[in-house]
Amino acid sequence: ERLSLIPRFLFATQGPHTEMNVGTNFRIKINDYNNSAVHIGGWVRPVGNADSSTSIDAVIAMFGLELSSVLIGLSYDVNLTDLTTTQQGQGAFEISITYLGNFDDDSILCPKF
């Protein structure tokens with residue numbers, strides 16, 4: 001009951017380019033009373049290029065703190081492709097804020113908030 005495995009998948013396409021984010025988060029419950037939890041996860045981002053080649057663009061590590069129905073996350077992505085030669089360095093920190101909605105009727109595919 002304290003540990004959950006939350007797989008995630010995102011697919012995007014524009015013209016001949018494709019991108020996927022594939023990974024999973026572990027949710028570790030801290031407190032039963034206020035629904036607090038820690039999230040730790042890892043992701044990989046494969047991309048498809050205009051020349052029909054595919055490559056792993058980045059790997060991503062994520063840490064988040066869930067308080068009630070809000071998840072505040074900090075992630076870092078490490079670029080593995082030619083972007084590593086830019087002056088910006090090999091990756092970037094990202095901050096995310098996610099609202100986690102709850103709904104009572106499991107027969108409804110789209111939750112109502």
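The values are calculated or read from the model by the stated rules, or taken from the named source; none is laboratory data. This structure is a prediction, so every number in the text was calculated from the model and none was measured. Glycine also receives a Cβ, built like all others from the backbone with ideal geometry; neighbour counts cover every protein chain displayed. For the accessible areas, the whole protein counts, side chains as well, though only heavy atoms, and no ligand, DNA or RNA atoms are used. Shrake-Rupley method; radii C 1.70, N 1.55, O 1.52, S 1.80 Å.
The single condition among (1) at pLDDT below 95; (2) under 10 Å from the mean Cα position of the chain (by Cα); (3) within 16 Å of LEU100 (Cβ to Cβ) that PHE9 does not meet is (3). May I ask you to verify whether ILE60 is open to solvent by 90 Å² or more (accessible area, probe 1.4 Å) and under 30 Å from GLU1 (Cα atoms)? No, not satisfied.
Tally the residues that are small (Gly, Ala, Ser) and in a strand (DSSP E or B), restricting the search to segment 51-78. Within segment 51-78, residues that are small (Gly, Ala, Ser) and in a strand (DSSP E or B) number 6. Filtered by the rule that a residue be closer than 28 Å to LEU67 by Cα and polar (S, T, N, Q), segment 1-53 gives SER4, ASN21, THR24, ASN25, ASN31, ASN34, ASN35, SER36. Taking the criterion of being outside any strand (DSSP E or B) and loosely packed, with under 14 Cβ neighbours inside 10 Å, the residues of segment 22-50 that qualify are ASP32, TYR33, ASN34, ASN49, ALA50.
Selection of segment 38-80 for residues being of a type outside the set (A, V, I, L, M, F, W, C) and over 19 Å from LEU10 (Cα atoms) yields ASP51, SER52, SER53, GLU66, SER68, SER69.
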